Amino acid sequence: MRKLMAAALIAMLCPLLCGCQDTGEVENQAYVLVLALDRSGDGALALTARVPRIGKGGEKDGKGDSGGSSYLTFSVSAASWSGALDELQWATPRRINLSHIEMIVVSRDLAAEPSFPALMNAIAQTPHLYANARFVVCRDSARAFLEAGDTVIGTRLSAEIQAMLSQYASQGFIPDACLADACYCANGIYGDPVAIWGYVEEEVTESGPSQRVMESPMGQRFRGAALFQDGRFVKALDVDETRLLNLICGQTATLSWAWRGDTIELMPVTPARKKVDIDADSVTLNLSVALRLTASAFRGDTVALVASVKNSIAELTASCQRSGCDPFGFAESAAGHFATVPGWLAFGWHERYRRARINVDVTLSAATNP
Amino acid sequence: MKLSISRDAALPAAFVAAVTRIFIDLALDGGPVHNGVWIAALLGALPVLPYLVCLDMVGVGKCRYATVGRLLAGLLLAATALDGARIVSVVLRASGFLVLDPVSPFMLVLPVVLAALWCTCRNGDAIGYAAMLWRRAFPALMLVVMILQWRHYRPQWLRPWLGNGWGEIAGEAIRTAGCYVPATSVLLICRHDDETGKRPFTVAWIALASAVASLLLVFRLMMTPSGTNDMAWITRLDALLTNGRAPLYLQLPMIVAFFVGLMHLLACECFAAAALLQRLIPRLNGRVCAGIVILICAVLPFVRSFRSMLDRAMPWLFIAAALPVALAALSQFHFNGGKRSCES
């Protein structure tokens, strides 16, 4: 019994010893939900953070009152990431907590800088920063992008970001990209990372290249993918290209295909198959996509439909090859031809990928009736 | 109090300690993780198997050549205590990563050190049978982890199969062999209670441990792509515990598996070191031995250059331990015909 009591006492002491002695109250924390990074005019790194307001104002606004935002926005600038975080600690009246970040937004100009890979690594290796945050590259100022977004659905910005981006990703409008994945790919030996492409739309009505018209109370738009090469932004894909990218990468369950004034729902039968043939002096990329019509009512020309999808995939891959970025995962397949990493790195994948021939094969099967 | 452990309890303790030690060393503590580490985990077991056969034959206290026995016990004591300190330093860094507010390192170390002291004072059988339970619970926990992570595993990331080549694999294999020395030192001091009954086959257990560690490494490699740049220790830990992508509420099974595995490893090594100390100085009480070993494990992580010194010694550890073990086993075989251990 005495030993049991001693064991219980030790067990009770343990939680008191480790961290719980100095509890961090929620009210004392500034939970950053969105971080935006820009390069300011004087060359410094501009960091903007959005944190929830705590108190009566926040509660009132959180219930949907339009009398003000439920969130506070802090902006600082410094020469480096660590310096900017330090400045942010000074600017914020509560302790900065990065463990609940939902989204990290980077301006296109900053993402295209040669120093960006090092910055991305520094961000990903920040202690207690939630690396599963969505990674967005925006067309213009990241701060303006951040300020254009506020709670529209529900009461919490974090819930809205999660729901909205999950919905867009499931539809294939954006890639399912998070900071950790982007960082791993940028440091990895295979393909290139992708991010979500965003921009601010001033006009309420938007007419896209595919003649879509949209009305939305939100100023922020999440449409398309940002492609990287060697850890730096190189180009953006529009929604239709992003859907194809997601199809090739096996990230989407359906493909809505605009064709002859109609929208046709297609479904991948199996994940797209990628095979790379390496000869002495040439590389051939083989891409095989098997699709199925989701509705049996389609009575159009399936041969022309297949040719349309095939041409679009060929244009997308050719465009990416010209930019030198491989977001499709061909590199992972090609690396299988090599026994060691040094051998693979010496092969010079990116240069060979630019000059590679590509064979795209698309098959379409009819919808199966239940 | 005499520190002792039965052979039936020592084997699961050594099994769990070996799996955890190899996995921690190759996936986290040994620098960049490259594609060939799972092969290194398998190859590292090859020289260890004859070492374990010899270890099974020898005891410490009553060897014909007492000097060899004492040398062996002293060497294993030093290796095991230093390795225990290394595990404490891993716990220290990992806890510091997970605790949201800055906490004094002393406060981070104290709970785990107290727990290890308590485990050691409960004697070897408690540690061994706890490891036996963990050996059954761990696969169930890993199954949950794998189901949660299944979508993120990418078999393509295992290629190129040989990572940085055979040279690096051989280096890792030698390090891995060194990992077995502290993890299996508990086998040296175990009691051979039932010599006539069916004895568990030590070599088969440790071969299985290397296969399990290798399998865990394969799954770890499928979580992140092989990198050209060395990721920081903290990033490797993040990739190990959360895959960098798991939502916060899904990280718990991985964190539980990691820290409970570390606790079993630490308890096993602290007990083995304390028991070896008692064999060398029989007058010492077991609790005093446990206190001395735990104190060493708690203080050394704070000594500057401790880790770099241990890293330099690691490739030589197996050779340093294997020579006296082989010598002691040969002497036993010569005088006892290899039928009895020194202690029996």
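The values are calculated or read from the model by the stated rules, or taken from the named source; none is laboratory data. These numbers come from a predicted model, not from an experiment. Glycine gets a Cβ as well: all are built from the backbone with ideal geometry, and neighbour counts include every protein chain shown.
Computed values, structure above
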{"item": "Residue within region A:360-370 that is part of a loop (DSSP other than H, G, I, E, B), of a type in the set (S, T, N, Q) and either in contact with a Phe, Trp or Tyr (Cβ under 6 Å, 6 or more places away or on another chain) or away from every other protein chain (no Cβ under 14 Å) (or both) present", "result": "yes"}
{"item": "Qualifying residues in region A:85-115 (those that are free of Cβ contacts under 8 Å to residues at least 40 places away in the same chain and more than 14 Å from every other protein chain (Cβ to nearest Cβ)) - the one surrounded by the fewest Cβ atoms within 10 Å (Cβ to Cβ)", "result": "A:Trp90"}
{"item": "Single condition B:Val256 does not satisfy, out of (1) surrounded by 16 or more Cβ atoms within 10 Å (Cβ to Cβ); (2) away from every other protein chain (no Cβ under 14 Å)", "result": "(1)"}
{"item": "Members of region A:130-150 that are surrounded by fewer than 23 Cβ atoms within 10 Å (Cβ to Cβ) and either closer than 15 Å to A:Asp181 by Cβ or within 14 Å of chain B (Cβ to nearest Cβ) (or both)", "result": "A:Tyr130, A:Asn132"}
{"item": "Any hit, region A:309-331, residues being within 14 Å of chain B (Cβ to nearest Cβ), without any contact (Cβ under 8 Å) to a residue 24 or more places away in the chain, within 23 Å of A:Ala182 (Cβ to Cβ) and in a helix (DSSP H, G or I)", "result": "no"}
{"item": "Filter pass, B:Leu323 being surrounded by 16 or more Cβ atoms within 10 Å (Cβ to Cβ), out of contact with any Pro (no Cβ under 6 Å at 6 or more places or on another chain) and part of a helix (DSSP H, G or I)", "result": "no"}
{"item": "Evaluation of B:Thr67 against (1) more than 14 Å from chain A (Cβ to nearest Cβ); (2) under 20 Å from B:Ile234 (Cα atoms); (3) without any contact (Cβ under 8 Å) to a residue 24 or more places away in the chain (one fails), failing number", "result": "(2)"}
{"item": "Out of A:Arg299, A:Arg352, sole residue that is exposed (fewer than 15 other Cβ atoms within 10 Å of the Cβ), among the basic types (Lys, Arg), more than 14 Å from chain B (Cβ to nearest Cβ) and over 26 Å from the mean Cα position of the chain (by Cα)", "result": "A:Arg299"}
{"item": "Residue within region A:308-324 that is more than 21 Å from A:Leu266 (Cα to Cα), hydrophobic (A, V, I, L, M, F, W, C) and within 24 Å of the chain's Cα centre (by Cα) present", "result": "yes"}
{"item": "Residue satisfying condition, being more than 8 Å from every other protein chain (Cβ to nearest Cβ), surrounded by fewer than 24 Cβ atoms within 10 Å (Cβ to Cβ), at pLDDT below 90 and within 23 Å of B:Leu266 (Cα to Cα), within set B:Leu208, B:Leu188, B:Leu217, B:Leu237", "result": "B:Leu237"}
{"item": "Qualifying residue in region B:85-94 (condition: hydroxyl-bearing (Ser, Thr, Tyr) and either touching a residue at least 24 places away in the same chain (Cβ under 8 Å) or in a helix (DSSP H, G or I) (or both))", "result": "yes"}
{"item": "Selected residue (only one of A:Ile153, A:Ile161, A:Ile123 is crowded, with 17+ Cβ neighbours inside 10 Å and modelled with pLDDT under 90)", "result": "A:Ile161"}
{"item": "Filter result for the condition that a residue is aliphatic (A, V, I, L, M), in a loop (DSSP other than H, G, I, E, B) and closer than 30 Å to B:Pro282 by Cβ, over B:Leu114, B:Leu3", "result": "B:Leu3"}
{"item": "Flag if B:Ala126 is surrounded by 17 or more Cβ atoms within 10 Å (Cβ to Cβ), within 13 Å of chain A (Cβ to nearest Cβ) and either at pLDDT 95 or above or within 20 Å of A:Ile10 (Cα to Cα) (or both)", "result": "yes"}
{"item": "Unique match (being within 14 Å of another protein chain (Cβ to nearest Cβ) and closer than 24 Å to B:Pro253 by Cβ) among B:Leu158, B:Leu114", "result": "B:Leu158"}
{"item": "B:Ala329 modelled with pLDDT of 90 or more, assigned to a helix (DSSP H, G or I) and crowded, with 17+ Cβ neighbours inside 10 Å", "result": "no"}
{"item": "Flag if A:Ala118 is without any contact (Cβ under 8 Å) to a residue 24 or more places away in the chain and either of a type outside the set (Lys, Arg) or within 11 Å of another protein chain (Cβ to nearest Cβ) (or both)", "result": "yes"}
{"item": "Single match in A:Gly62, A:Gly19 (criterion: more than 29 Å from the chain's Cα centre (by Cα), at pLDDT below 80 and surrounded by 17 or more Cβ atoms within 10 Å (Cβ to Cβ))", "result": "A:Gly19"}
{"item": "Residue tally, condition of a type in the set (Ser, Thr, Tyr) and out of contact with any Lys or Arg (no Cβ under 6 Å at 6 or more places or on another chain), over region A:314-334", "result": "2"}
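Condition check ((1) part of a loop (DSSP other than H, G, I, E, B); (2) under 27 Å from B:Cys54 (Cβ atoms)) across all residues:
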site: B:Cys270; (1), (2): no, yes
site: B:Ala274; (1), (2): no, yes
site: B:Gln278; (1), (2): no, yes
site: B:Arg283; (1), (2): yes, no
site: B:Ile292; (1), (2): no, no
site: B:Arg304; (1), (2): yes, no
site: B:Leu310; (1), (2): no, yes
site: B:Pro315; (1), (2): no, yes
site: B:Phe318; (1), (2): no, yes
